[in-house]
Each structure stands twice: as structure tokens, then as C-alpha cells.
Amino acid sequence: MKLLFVADPLATFKTYKDSTFAMMREAAKRGHTLVACEVNQLVWQRGGRVTARRAQEIALTGDAQDWYTVTATADLVLADVDAVLMRKDPPFDSEFFYATHLLSQAEREGAKVFNKPGSLREHPEKLAILEFPQFIAPTLVTRDAAEVRAFHAEQRDIILKPLDGMGGMGIFRVKDDGLNLGSIIETLNKDGTQTVMVQRFIPAITEGDKRILIIGGKPVPYCLARIPQGNEVRGNLAVGGKGVARELTVRDRELAEALGPTLAARGLLLVGLDVIGEHITEINVTSPTCFQEITDQSGFDVAKMFIDALEAALA
């Protein structure tokens, strides 16, 4: 099969931990052809079909640094490949949004895109949890400062975060004393012009912010608990959290099995649930990661499970 990966620049990949690279490596083992492009290479013109300009067919070298070679460069119609894998990292900004529309057009022309672009649009990673209130902590979504203050008065210990953040960016904790709450609200809601999410602080964060991967509607049996270090409240690996692979708990499985089939039926082949304690805090669908960390520590081959699911979906 020929697989087109729409991703960040290949030169930026950290192959020792990159999940897209893990997918490529497993696909290459099976003899599939790998092609890559960036979002800004996607083009559509009336009378034609969605095309990746100057897409690069690549071969993996096995070297940790110079990890690929370009074997061919050509314009590639998305409907002419066996599968398109949308692996552009967040943030989900306007350009990402526009890219999903180009990918939806490619679908209308016959392309098979994973994750389904319409479902990417319908499941923004912070807000997707609103559909499943029974599984989340007390949560408020607003741009109104008074609403945030009232929520803090009720919950006493809260987390505030922007809706377009990634990797722990822009996350604040405000404890019972309310120290700096006004300043934090102003920073995040831009004087009432931007919407923010506020959630009750979950003390179980000390045990880790767990990334639970769901592939083809089924949970990977191990998660990656991202544990905050020092005085940090965030467990994200991007801000220094320590990643520890663990077997799923009964509650983890309950959450994954409750959401997995529903999300898979919407064309979300790969989903990353973020879980703290008993609660889901985010549903990641744009470019879920942690394949290699889980595999390296547990021995369970996440990339194999993913390519198995991809092949099954195409079959």
C-alpha cells in the first residue's frame, strides 16, 4: 500500500519518541510505501483534485539522525494513495481547520483519510469531553470573568487553561486563597474576548496524567502516566513530566471501553484519552502520541496494533 503522512517537517522528528515515526517504521516493515508532505503543500483547484505538491516518497535508513532518504518527489493526488494519515501536531488553529476541509474534499474525491477530517473538526480536544459529562470533573467553559470567579468560589481549587493550548501551555492552578485569579483570567480570556476552560483541581495528578490510547475502538492495554516533577502541577512531557508506562486499571478500561466504540464509529481510528484519577480531562484526536514510550517500557507494540487496525479499516 502507499501511505501519505501529512505531518510536520520530517527534519523536526525526534525519532526516539515520535509516534508518527513509529507508524512509518512498522508500515515499512510490512513493505508499504511511505510518502510525506506538510499541510502547506495541500492544494485544490477547480477542475482538479486535492493534491500534495512536491510530496516526498521516503525510505527509512535505520540511522537515528539521518533517518530517511528521499527516493522520489512528485505531485500526488490524495485519492490515488491507499490511505492518508493526518498527523499534523496541534494547535488546532485556523490553518489546521482549513486543512481538514481540504481533506474532506479529498474524501469526496475518493481518498481514505485517518483520522476522518470531519470528526477532527467536531472533536476539539478540550471541548470534546462536554459530550461525556458523566466521566469528567466539574468543568466550566466561558469567557465571562464573573462566571470563573463564581466557579472558584464553589470549587475552591481550580485549573484554568486556554482551549487552543497543547503540551501544558497556558495552564494555571488557583488554590483556595484565589491568589492572582484576576490576573490569570485577564491573561487567558483576553478581556472577555476568548473562551477558557476551568476545571476542579484533581489531586490524583500526583499519580500522573494518564494517556490512554484507543485504536480502532479498543484500548491499548498500557497507558503512559505523565507525572509532574518538583513543584510543577503539569504532567505533560513537554514541560518535564516523567512518563511511566502502566497497565490500565479497571477504571481506565471502563472509560476507554465506554468511549472507544462511539469514537471509532465516527472515523477516529486513533484517540488519546487524558485521564487524571477517575476523570477524563481531554480527548486527543489530532495527533495522539506516546507510542514509543509505552512500547519501550511495557514491551507492547503499539505501532503494530495501529497498522493492524489501519490495514483492517482499509480492507
Original post:
Given the conditions (1) open to solvent by 20 Å² or more (accessible area, probe 1.4 Å); (2) of a type outside the set (D, E, K, R); (3) within 15 Å of the chain's Cα centre (by Cα), and given that residue 272 satisfies all but one, which numbered condition is not satisfied?
Top reply: (1)
**OP:** Determine whether segment 235-250 contains at least one residue that is at pLDDT 95 or above, over 20 Å from the mean Cα position of the chain (by Cα), farther than 29 Å from residue 147 by Cα and in a loop (DSSP other than H, G, I, E, B).
**Re:** yes
Original post:
Quick one: which of 250, 285, 233, 239 is farther than 23 Å from residue 314 by Cβ and either open to solvent by less than 40 Å² (accessible area, probe 1.4 Å) or in contact with a Ser or Thr (Cβ under 7 Å, 6 or more places away or on another chain) (or both)?
Top reply: 233
**OP:** Restrict the check to segment 61-75 and report whether at least one residue is in contact (Cβ under 8 Å) with a residue 60 or more places away in the chain and more than 15 Å from the chain's Cα centre (by Cα).
**Re:** no
Subject >> Sole residue being touching a helix residue (DSSP H, G or I) at 6+ places or on another chain (Cβ under 6 Å), among the β-branched types (Val, Ile, Thr), surrounded by 17 or more Cβ atoms within 10 Å (Cβ to Cβ) and in contact (Cβ under 8 Å) with a residue 60 or more places away in the chain, chosen from 129, 136 >> reply: 136
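The values are calculated or read from the model by the stated rules, or taken from the named source; none is laboratory data. Everything numeric in this text was worked out from a predicted model, so none of it was measured. Please note: Cβ atoms are built from the backbone with ideal geometry, for glycine as well, and neighbour counts cover all protein chains shown. Just the protein is used for accessible areas: all its heavy atoms, side chains included, with ligands, DNA and RNA removed. Shrake-Rupley method; radii C 1.70, N 1.55, O 1.52, S 1.80 Å.
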